[in-house]
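Comments concern the structure below.
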Amino acid sequence: MKMDRKSHPVARNVQKRGQLKKAHYTSAGGAHLMQLESRLEASGAIAMGLDPRVRSLRSQPMTFDLATGRNYHSVDALQQAERLYGFRAVKYTPDFEVHLGNSKVLVEVKHRELITLNPKILSYPEILARYGYRLIIIDDLLLGENYVQNYGS
């Protein structure tokens, strides 16, 4: 598939050569083609794109160091800062940045099983709130298979 050259750059690439991880692509909410990690993320993008309050949607928008609250335009930029200044970051890249009129919201879309395996993700909204960011976590309970099939067709 030819990549959309007008798309926003992503903070980290989803698909890496040699890995079995498959990238998913969609263009929802007036956005250009977005690279996504899972079908659930693609479903979330489509659902958010249908919401009339959503002005724009961007995937993998930035990477945070959760220890300091600093954000970087890419994982590479964060890693470069780690090497340059000799610190160890707590890395986190949200799935989406959603523009709702005059406000921005970060959105993480996760399967319940992954949240169960890594429950610390549930503390991320509180951590980012300390630094002035709003994070919402959406799981597959909200984006159930029947619901996804209905709005996807």
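The values are calculated or read from the model by the stated rules, or taken from the named source; none is laboratory data. These numbers were taken from a predicted model, which means no experiment stands behind them. Cβ: placed from backbone, ideal geometry, glycine included. Neighbour counts: every protein chain shown. With ligands, DNA and RNA removed, areas are computed over all heavy atoms of the protein, side chains included. Shrake-Rupley method; radii C 1.70, N 1.55, O 1.52, S 1.80 Å.
Ordered by packing density, taken as the mean number of other Cβ atoms within 10 Å over each peptide's residues, highest first, how do 84-95, 112-123 rank? Mind showing how you got there, number by number?
On the way: 84-95: 15.0, 112-123: 11.2.
Put in order of decreasing packing, that is 84-95, 112-123.
Roll a 1.4 angstrom probe over the protein heavy atoms and tell me the percent of accessible area of segment 38-153 that is carbon or sulfur. Could you put the intermediate results ahead of the total?
Numbers: 3490 of 6760 Å².
Here carbon and sulfur together make up 52 percent of the probe-accessible area.
Between Ser38 and His24, the built amide H atoms are under 5 Å apart, and every one of these is 5 or more places off in sequence or on another chain. Highest mean packing first, where packing is the average number of other Cβ atoms within 10 Å per residue, the peptides 43-50, 70-77, 103-110, 125-132 line up as 43-50, 103-110, 70-77, 125-132.
Would you mind working out the accessible area per residue for segment 41-103, using a 1.4 Å probe, and quoting it in Å²? Mind dumping the intermediate values first?
Values: 3260 Å² over 63 residues.
On a per-residue basis, segment 41-103 sits at 52 Å².
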